[in-house]
């Protein structure tokens with residue numbers, strides 16, 4: 001990770017999140033993996049119909065399908081930049097098909113590829129270009145964006161995006177993950193009231209989630 005200059009709102013994320021409690025953010029594969037599962041498995045059918053079902057985008061959809069194959073196999077560099085055959089990569093699809101739904105979706109995939117390979121700063125512009133209003137994929141991309149800002153060191157921005165993502169998806173699978181991340185970041189920033197609010201939401205609203213099982217210890221820690 002490149003060394004970051006520190007200021008009150010941008011601190012070294014490895015130092016700020018050094019606690020063993022902050023395992024989710026420190027292990028990028030955990031959260032990005034969840035997002036990949038949503039995009040590839042849960043969101044696949046909806047993504048096709050919501051973003052690339054129009055006849056004018058059939059060519060782009062074929063290219064995206066090949067990229068999704070590489071993506072689902074964990075071949076992120078090839079998915080992003082293309083292969084030696086006819087697949088040109090999400091990055092080129094995003095730029096060459098600019099203004100289309102296919103390019104919009106390619107931006108999300110390109111950002112996730114970069115995030116998964118640790119290139120968080122490069123991932124941010126792609127993820128920020130993606131727009132969507134569905135209840136699962138769009139918040140998942142926003143959660144990935146929050147994680148990228150966390151790894152970059154902009155913890156204020158990261159926490160804000162994670163809370164937004166949690167509110168937008170409002171699901172027992174993702175919302176508690178995003179809220180727990182946001183809470184831990186708020187603690188590191190000394191904003192314990194905001195941290196408690198995030199933790200309490202997990203306890204009250206997502207009480208059947210895995211994260212809710214031990215949420216009291218987070219609430220107690222932030223309350224001291």
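The values are calculated or read from the model by the stated rules, or taken from the named source; none is laboratory data. Predicted model only: the values in this text are computed from it and were never measured. Cβ placement follows ideal geometry from the backbone for every residue including glycine, while neighbour counts extend to all protein chains displayed.
So which residues in the stretch 78-95 are part of a helix (DSSP H, G or I) and loosely packed, with under 15 Cβ neighbours inside 10 Å?
Keep residues of the stretch 78-95 that are part of a helix (DSSP H, G or I), which gives 78-81, 90-95.
Answer for the stretch 78-95, where residues must be part of a helix (DSSP H, G or I) and loosely packed, with under 15 Cβ neighbours inside 10 Å: just 95.
Within the stretch 170-197, which residues are closer than 15 Å to residue 143 by Cα and buried (at least 23 other Cβ atoms within 10 Å of the Cβ)?
Initial filter on the stretch 170-197 (closer than 15 Å to residue 143 by Cα): 170-185.
Correct list: 174, 175, 176, 177, 178, 179, 180, 181, 182, 183, 184, 185.
Any chance the stretch 132-151 includes a residue that's touching a helix residue (DSSP H, G or I) at 6+ places or on another chain (Cβ under 6 Å) and over 30 Å from residue 191 (Cα atoms)?
The answer is yes, given that some residue of the stretch 132-151 is touching a helix residue (DSSP H, G or I) at 6+ places or on another chain (Cβ under 6 Å) and over 30 Å from residue 191 (Cα atoms).
What single numbered condition from (1) within 27 Å of residue 166 (Cβ to Cβ); (2) assigned to a helix (DSSP H, G or I) fails to hold for residue 118?
Single failed check for residue 118: (2).
Answer with yes or no whether residue 174 is within 12 Å of the chain's Cα centre (by Cα), over 24 Å from residue 75 (Cα atoms) and modelled with pLDDT under 90. Even if it seems obvious, please write down each step before you answer.
Details: within 12 Å of the chain's Cα centre (by Cα): yes; over 24 Å from residue 75 (Cα atoms): yes; modelled with pLDDT under 90: yes.
Here the answer is yes, as residue 174 does meet what is asked.
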